[in-house]
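Engineer: Please read through the structure below; I'll follow up with questions.
The values are calculated or read from the model by the stated rules, or taken from the named source; none is laboratory data. Quick caveat: nothing in here was measured; it's all calculated off a predicted structure. Neighbour counts are summed over all protein chains in view; Cβ atoms, including those assigned to glycine, are modelled from backbone coordinates with ideal geometry. With ligands, DNA and RNA removed, areas are computed over all heavy atoms of the protein, side chains included. Shrake-Rupley method; radii C 1.70, N 1.55, O 1.52, S 1.80 Å.
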Amino acid sequence: MRRLDGSGLEGVRLPLLLIVYTYLCSLGDCLFVTDYFTRTPRKLNAFRSFASVELFHFNVPDDTVVAVWNLITFKEQGGTFGDGCPDRNVTVYFRSGAPPVINPLHTRFPRDTIVPGSFAVTLTWTLPNRTTGVFNVTSPLPGDWFLAAHLPKDEGKISVKGLSEECQYLFQPQLIVQRLIGISVLYPGYFIDQMIPVHNRSVLYKVFIPNYISKVKVQLVDCSTRNRSMETCPVLLKIRARAPPLHNSTSLDCKGLSPCELQTPLPSWEQWYYILVERYLGNVDVYFRIGVQVKDCSKPSVAKGSSAGSALNMPQSFGSAMGFSLMDTLPAAGLPSLSQNSSERGPALASEDTITYLAPSSDTNKCWPIRPTLRNELDTFSVHFYIFFGPNISIPPDRAAVFAINLMPVLDSGGVLNMELKLNATSVKGENITVFGCLNHGMPLSLSDNSTVKCESESIAGFLLSVNATSNVTKLRIPYPQTGTWYLSLRSLCATEHGFEVCSNVTVEVYLRSYLTPCINDCGTYGQCKLLRTNNYLYAACECKAGWDGWGCTDNSEAYSYGFQLLSTLLLCLSNLMFVPPVAIAVRSHYLLEASVYIFTMFFSTFYHACDQPGIVVFCIMEYDVLQFCDFLGSLMSVWVTVIAMARLKSIIKQVLYLLGAMSLSMALQLDRHGLWNLLGPSLFALGIMAIAWTVRTIRRRRCYPPTWKRWVFFLFPGTMIATSAVALYAFVETEENYFYIHSIWHMLIAGSVGFLLPPRAKPDAKVTPMKRRRGCGYQLCVNEHEEMGLVDPAIISINSICTS
């Protein structure tokens, strides 16, 4: 299999490198490195829920311009290539930042659940036992990438382990990334002289945007060719967060613009922004000066006589909630030193031959103090985010209240982020007030005061929440959220005839609760929340039962009714009463050991199936594992003792075989409870013992054993046919949908076959009679009772003798 994997990688390497080389040569100097990542092949399963999906975790490095996934799928059967296995399509989902939230069965999601988007690829088979696919992503976002693969949903047939060689579909993803090295770094406020040589088409830069930045503006000035000034600038300016720009990224044609300015309002915080300057006029050297200007809103102005901290019930000494401002971080970044009085000399503060510094302008209308949350970890994916001086929050009428929720990288993306917002109706004071919340990843989005309330900007969109006096509670759930910082902005607005306006002198109080859980509502009544692992990555998913479906087991379109659950439970339990006739036959025939085994089987099979039900009609008298073990042991022991009893062995030999069988079957069940040979092995061994015993009797008596044709026709033949039918139903017909009545029939057939196959009571042989005891021939033994007990000396006393013969 390793040769197959290697050949799959080599087969796509050359065309991929050609694609990458063509793309990189448009960026400039073509300085890049290639990284390869691969994962161990895994067996794919038919899709039932996300718990049956195989999840793969990759990490894409920074400055990656091309990422190519080579998807290899091959078949195996019995350790060799599965050429005879049917072709089953493989669906692969891709998502950046967190595992993909998929819904291939088109089931309903729980209420108030956000479904993040993902990419999907379906692989079809091009060769009898192998297929490959390629998924290419240009300028992928750096960080965590997740792949989820599965087979189509099957009919749910219950296969007996070991009956036949299972067809296995193995999937192995490989990742090839090409990343640039030596990208020029721009610093906010600094202008540098640059050029695009004639042999290059473009040049790429990046700039780091810290917290509390409300606007980023890229400026390109003094554009010229071959040191001659031009009326037009033949370049295209593009910008994108976290990864190099694409064809659909924010762009601006600098033709006829001087200076050429590309603005990005509400940028993502603490992220790299990539700037691409692309020339569309060939055979000329383009010279220009480029710089990045930002608006810093780290120190907002507030109402007279108050501060941001006091308005939000926070002490003034609490400090900045989300780190340092731009002016604090610039010296730490190792920038050229500036004079202390440079901020007082206007926009143009310092000038050299190739570098010019412009101070960042302030924006006092965008950012408000951000209140942090306290992270309290209770368990895996069980985290509460407590608000300082909360959970009741006062929202002033003239500005928003902003909160930050930090999700740890990798650790928190496998759960569900929950938000609950409740309005205190007594705080609205009769006003028609609506509190809007905007939850966004990466940076806070401010809600406008106009009639249309939107939670989005030009490049990003958030999730909108709202509460009012009529509907005072709202919830929001995000399965598999992206890690990093999430911001929640709360704003109170009054409803008027012309839309929403700023309220006057009404401070609204709301209750906010934010927490992380493994699953949505713990998967409800008809589901089980499972904690899964792929390599070192943990995630949780629901596994539904009783016909319920969906991400949180809330889709009841195909759910079992209560009556159906009760009927299936009664059928599986009461069908074991068919063992009552075999018990009566065994007791009547003096097979007491066999009867005790049948009673044991009937008892534990009844209560095991009462505990094994998927719905709410469940009754467990002890732990599930104990009930399952006793049920399997009783079933196998019933077959064992019945066949051994049919062999008609001596009592001591039969009891030894019963004991050895019980110990051997207990060991086998501990090794593998669902293996085929756990049933066939003891049965074949017992049949061999029976065949030997019958053959010996046939040879000694010189006639067929059992001797009567009635025993063969009316007992052995019907019992054998019933047992064979039961095994056929169990091995080839039973599925998950028909399990409750097919398995009930299996109970009745097995019990019925025991009643037919159990031999009649052994009759004593008439030719062997007890011999009469002869009289007068023998001797008399006198024993002194006291002497035997050591009470007297035999030489002195010899009385009270007991004579026996």
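Engineer: Kindly provide the set of residues from the stretch 253-278 that are among the aliphatic types (A, V, I, L, M), at pLDDT below 90 and open to solvent by less than 60 Å² (accessible area, probe 1.4 Å), ordered by number.
Structural biologist: 266
Matching residues to (1) farther than 25 Å from residue 370 by Cβ; (2) in contact with a strand residue (DSSP E or B) (Cβ under 7 Å, 6 or more places away or on another chain); (3) touching a residue at least 40 places away in the same chain (Cβ under 8 Å); (4) in a loop (DSSP other than H, G, I, E, B):
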position: 431; (1), (2), (3), (4): yes, yes, yes, yes
position: 454; (1), (2), (3), (4): no, no, no, yes
position: 467; (1), (2), (3), (4): no, yes, yes, no
position: 512; (1), (2), (3), (4): no, yes, yes, no
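Engineer: Given (1) free of Cβ contacts under 8 Å to residues at least 60 places away in the same chain; (2) more than 24 Å from residue 736 (Cβ to Cβ), identify the lone condition not met by residue 570.
Structural biologist: Among (1) free of Cβ contacts under 8 Å to residues at least 60 places away in the same chain; (2) more than 24 Å from residue 736 (Cβ to Cβ), residue 570 violates only (2).
Engineer: Of all residues being among the β-branched types (Val, Ile, Thr) and out of contact with any Lys or Arg (no Cβ under 9 Å at 6 or more places or on another chain) in the stretch 38-94, which is nearest to residue 167 (Cα to Cα)? Just the residue, please.
Structural biologist: 80
Engineer: Which condition number does residue 237 fail, the rest of (1) at pLDDT 85 or above; (2) on the phi > 0 side of the Ramachandran plot being met?
Structural biologist: (2)
Engineer: On to the next question. Just to confirm my filter: which strands (runs of 3 or more DSSP E) fall fully inside the stretch 203-273 and include at least 3 residues that are without any contact (Cβ under 8 Å) to a residue 60 or more places away in the chain?
Structural biologist: Counting at least 3 such residues, we get 235-241, 250-253, 260-265.
Engineer: Sort out which residues of the stretch 706-762 are open to solvent by less than 60 Å² (accessible area, probe 1.4 Å), in a helix (DSSP H, G or I) and polar (S, T, N, Q), and write them in order of number.
Structural biologist: Answer for the stretch 706-762, where residues must be open to solvent by less than 60 Å² (accessible area, probe 1.4 Å), in a helix (DSSP H, G or I) and polar (S, T, N, Q): 725, 744, 753.
Engineer: Out of curiosity, is residue 583 among the hydrophobic types (A, V, I, L, M, F, W, C), over 30 Å from residue 105 (Cα atoms), open to solvent by less than 50 Å² (accessible area, probe 1.4 Å) and not in a loop (DSSP other than H, G, I, E, B)?
Structural biologist: For residue 583, the condition - among the hydrophobic types (A, V, I, L, M, F, W, C), over 30 Å from residue 105 (Cα atoms), open to solvent by less than 50 Å² (accessible area, probe 1.4 Å) and not in a loop (DSSP other than H, G, I, E, B) - is met.
Engineer: Further question: Among the residues of the stretch 617-668, what is the count of those that are assigned to a helix (DSSP H, G or I), touching a Pro at 6+ places or on another chain (Cβ under 9 Å) and of a type outside the set (Gly, Ala, Ser)?
Structural biologist: 8
Engineer: Quick one: residue 131 ticks every box in (1) modelled with pLDDT of 90 or more; (2) surrounded by 14 or more Cβ atoms within 10 Å (Cβ to Cβ) bar one, so which box is it?
Structural biologist: (1)
Engineer: In the stretch 527-540, is there at least one residue being more than 28 Å from residue 41 (Cβ to Cβ), at pLDDT below 90 and among the small types (Gly, Ala, Ser)?
Structural biologist: No; the residues of the stretch 527-540 include none that is more than 28 Å from residue 41 (Cβ to Cβ), at pLDDT below 90 and among the small types (Gly, Ala, Ser).
Engineer: Give me a count of the residues in the stretch 526-540 that are over 20 Å from residue 413 (Cα atoms) and in a strand (DSSP E or B).
Structural biologist: If we filter the stretch 526-540 for residues that are over 20 Å from residue 413 (Cα atoms), which is where we start, we get 526-527.
In the following step, the residues that additionally are in a strand (DSSP E or B) were identified as 527.
Residues that pass the stated criteria total 1.
Engineer: Being out of contact with any Asp or Glu (no Cβ under 8 Å at 6 or more places or on another chain) and either surrounded by fewer than 17 Cβ atoms within 10 Å (Cβ to Cβ) or under 24 Å from residue 439 (Cα atoms) (or both) is the filter here, so list the residues in the stretch 512-531 that pass it.
Structural biologist: Matches in the stretch 512-531: 515, 517, 518, 519, 520, 521, 522, 525, 531.
Each row is one residue, and each column tells you yes or no for (1) under 32 Å from the mean Cα position of the chain (by Cα); (2) open to solvent by less than 50 Å² (accessible area, probe 1.4 Å); (3) more than 30 Å from residue 380 (Cα to Cα).
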| position | (1), (2), (3) |
| --- | --- |
| 421 | yes, yes, no |
| 425 | no, no, yes |
| 430 | no, no, yes |
| 440 | yes, yes, no |
| 461 | yes, no, no |
| 472 | no, no, yes |
| 476 | yes, yes, no |
| 483 | yes, yes, no |
| 496 | no, no, yes |
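Engineer: Look through the stretch 198-217, keep the residues that are open to solvent by 30 Å² or more (accessible area, probe 1.4 Å) and of a type outside the set (A, V, I, L, M, F, W, C), and return whichever of them is farthest from residue 287 (Cα to Cα).
Structural biologist: By that ranking, first place goes to 215.
Engineer: Any chance the stretch 440-447 includes a residue that's of a type outside the set (D, E, K, R) and outside any loop (DSSP other than H, G, I, E, B)? Steps first, please.
Structural biologist: Step one: of the stretch 440-447, the residues of a type outside the set (D, E, K, R) are 440-447.
Keeping just the survivors that are outside any loop (DSSP other than H, G, I, E, B) gives 440-441.
Looking for residues that are of a type outside the set (D, E, K, R) and outside any loop (DSSP other than H, G, I, E, B), one finds at least one in the stretch 440-447, hence yes.
Engineer: Can you tell me which residue among 543, 558, 501 is open to solvent by 30 Å² or more (accessible area, probe 1.4 Å), farther than 30 Å from residue 57 by Cβ and assigned to a strand (DSSP E or B)?
Structural biologist: Numbers: 543 fails: farther than 30 Å from residue 57 by Cβ; 558 fails: assigned to a strand (DSSP E or B).
Being open to solvent by 30 Å² or more (accessible area, probe 1.4 Å), farther than 30 Å from residue 57 by Cβ and assigned to a strand (DSSP E or B) holds for just one of 543, 558, 501, which is 501.
Engineer: For residue 220, are the conditions met, namely being over 21 Å from residue 484 (Cα atoms), open to solvent by less than 60 Å² (accessible area, probe 1.4 Å) and under 42 Å from the mean Cα position of the chain (by Cα)?
Structural biologist: Answer is no for this residue.
Engineer: Where residues in the stretch 40-53 are more than 21 Å from residue 106 (Cβ to Cβ) and open to solvent by 40 Å² or more (accessible area, probe 1.4 Å), which of them is farthest from the chain's Cα centre (by Cα)?
Structural biologist: 40
Engineer: Okay, moving on. So for the stretch 622-638 (the condition being aromatic (Phe, Trp, Tyr), crowded, with 19+ Cβ neighbours inside 10 Å and more than 19 Å from residue 731 (Cβ to Cβ)), does at least one residue qualify?
Structural biologist: Of the residues in the stretch 622-638, the ones aromatic (Phe, Trp, Tyr) are 624, 629, 632.
Restricting the remaining residues to those that are crowded, with 19+ Cβ neighbours inside 10 Å gives 632.
If we keep only those that are more than 19 Å from residue 731 (Cβ to Cβ) as well, we get none.
No, there is no match, as no residue in the stretch 622-638 is aromatic (Phe, Trp, Tyr), crowded, with 19+ Cβ neighbours inside 10 Å and more than 19 Å from residue 731 (Cβ to Cβ).
Engineer: Sticking with this one: Could you check the stretch 40-86 and list, in sequence order, the residues that are in a strand (DSSP E or B) and more than 23 Å from residue 120 (Cβ to Cβ)?
Structural biologist: If we filter the stretch 40-86 for residues that are in a strand (DSSP E or B), which is where we start, we get 42-43, 46, 54-60, 64-77, 80-81.
Once the filter is applied, which keeps residues that are in a strand (DSSP E or B) and more than 23 Å from residue 120 (Cβ to Cβ), the stretch 40-86 yields 65, 76, 77, 80, 81.
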